[in-house]
Amino acid sequence: MGNQYYVQHDLSVVWHPRTPMHEHKRLPMIPIRRGDGVWLEDLEGKHCRDAIGSWWANLFGHRNSHITAALQKQHDTRAAFAWPEHRRLCVSQYGMQNGVLPRPLGNAVYFMPPCVITEPNIQTMTKAAWVAILRAAQD
């Protein structure tokens, strides 16, 4: 599946806040498969220079080997996370695996709810947070 399929799918299911969507008729979106250094590759294998990336991409490039190695080392040791941070990470990961976006801050858990929220949504978020907190406490 090429770029056009993913552009159409994206436009049909993803809300793009603060994005002037009418511009995409004149300047179509380009689905990016990967980045390497200053280069981006789309789903059809075409390359282009990332001229509007974030500061991190502009300063260090995509897939910077030094940053990737440091992150992998931190992940492998798990010593980089103090106990409270590790618990918050566990709560976030479990929530995201169950369709909830919890944001543990200090001793509270905040949710990133959908724009329109119903009673079943609240019950789902509460249950996922409760189970996530119990699992994180067992670690």
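The values are calculated or read from the model by the stated rules, or taken from the named source; none is laboratory data. Worth saying up front: this structure is predicted, and the values here are computed from it rather than measured. Using ideal geometry, Cβ is built from the backbone for each residue, glycine included, and neighbour counts are taken over all protein chains shown.
I want to confirm something. Restricting to the range 119-139 and keeping residues that are more than 22 Å from the chain's Cα centre (by Cα) and polar (S, T, N, Q), which single residue is modelled with the highest pLDDT? So the residue we want is Q123. If only residues of the range 13-42 that are among the β-branched types (V, I, T) and part of a loop (DSSP other than H, G, I, E, B) are counted, the one that is farthest from W56 (Cα to Cα) is V14.
Contact annotation: residue pairs with Cβ atoms under 8 Å, 6 or more positions apart or on different chains, pairing a residue in the range 82-105 that is surrounded by 11 or more Cβ atoms within 10 Å (Cβ to Cβ) with a partner that is of a type in the set (K, R), are H86/R78; C90/R135; S92/R103; Y94/R135; P104/R87; P104/R88.
Out of everything in the range 53-76 that is assigned to a helix (DSSP H, G or I) and among the charged types (D, E, K, R), what residue ends up being farthest from W39 (Cα to Cα)? Here the answer is D76. Within this structure, D10 passes the test of being part of a helix (DSSP H, G or I) and either farther than 30 Å from Q138 by Cβ or not assigned by TED's automatic domain parsing to the domain that holds A128 (or both). For the range 52-66, the criterion of being closer than 25 Å to R103 by Cβ, surrounded by 10 or more Cβ atoms within 10 Å (Cβ to Cβ) and not polar (S, T, N, Q) is met by at least one residue.
Evaluation of A69 against the conditions (1) loosely packed, with under 14 Cβ neighbours inside 10 Å; (2) modelled with pLDDT under 75 shows that the sole unmet condition is (2).
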